[in-house]
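These notes concern the structure reproduced below.
The values are calculated or read from the model by the stated rules, or taken from the named source; none is laboratory data. It should be emphasised that the depicted structure is a prediction, and the values quoted were computed from it without experimental measurement. Glycine also receives a Cβ, built like all others from the backbone with ideal geometry; neighbour counts cover every protein chain displayed.
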Amino acid sequence: YQALCDDKYVALKVVSDNKISSLSEEIKILTKLRHRNIVEIRGFSNVDVDQYSKGTSKALVMEFMPLGSLVKFLETKGPEDNLEMTKFATDIACGLDFLASKHIIHRDLAARNILVASGNSVKIADFGLAHILEDDTQYEYRSARGLPYKWHAPESFERHLFRFESDIWSYAIVIW
């Protein structure tokens, strides 16, 4: 959703009550991240989604990216030239490097989760599946349900293991 807050547009990620715990984890991760290639969290709020809903929902308030996702940008506008695509690839790599420095694996890096900030800048978004690695090695995910297989590294299929290298695999798929 898009909303107006203090005369500026923001993006709202609205979640149902049964997904509040995963949103709490996403907020915990996003508050650790301040980088030019990571979407910025602005806060957390209770919102009325529409006039027909009963009560309020929880929402993550983030910076608004008017050009949308990289996948939509490429489908509608397309890159200006190879230099612009190289800049996008560099921005994503810088964002991933920053995540690794904070011991965070994204686990859902895909063109739909890369947002275009301007004509030549992109940011990594949607940290709903992200995880902080405590021991710097790997994270074992107990269930394969709901994971976007198209972007995942082979070890995530075989053993449900995610490492920093798993995000690099996903990065290569995005760039391809």
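Has the stretch 89-107 got any residue that is modelled with pLDDT under 95, assigned to a loop (DSSP other than H, G, I, E, B) and closer than 15 Å to residue 171 by Cα? For the stretch 89-107, residues modelled with pLDDT under 95, assigned to a loop (DSSP other than H, G, I, E, B) and closer than 15 Å to residue 171 by Cα: present. In the stretch 108-139, the qualifying residues are those that are part of a strand (DSSP E or B) and more than 9 Å from the chain's Cα centre (by Cα), and the one that is modelled with the lowest pLDDT is 139.
I need the full set of residues from the stretch 1-39 which are acidic (Asp, Glu) and either farther than 16 Å from residue 63 by Cβ or crowded, with 16+ Cβ neighbours inside 10 Å (or both), in order please. Spell out the reasoning first.
From the stretch 1-39, those acidic (Asp, Glu) are 6-7, 17, 25-26; that's our starting set.
Answer for the stretch 1-39, where residues must be acidic (Asp, Glu) and either farther than 16 Å from residue 63 by Cβ or crowded, with 16+ Cβ neighbours inside 10 Å (or both): 17, 25, 26.
The residues in the stretch 53-88 that are assigned to a helix (DSSP H, G or I), aliphatic (A, V, I, L, M) and surrounded by fewer than 19 Cβ atoms within 10 Å (Cβ to Cβ) can be counted, and the count is 4.
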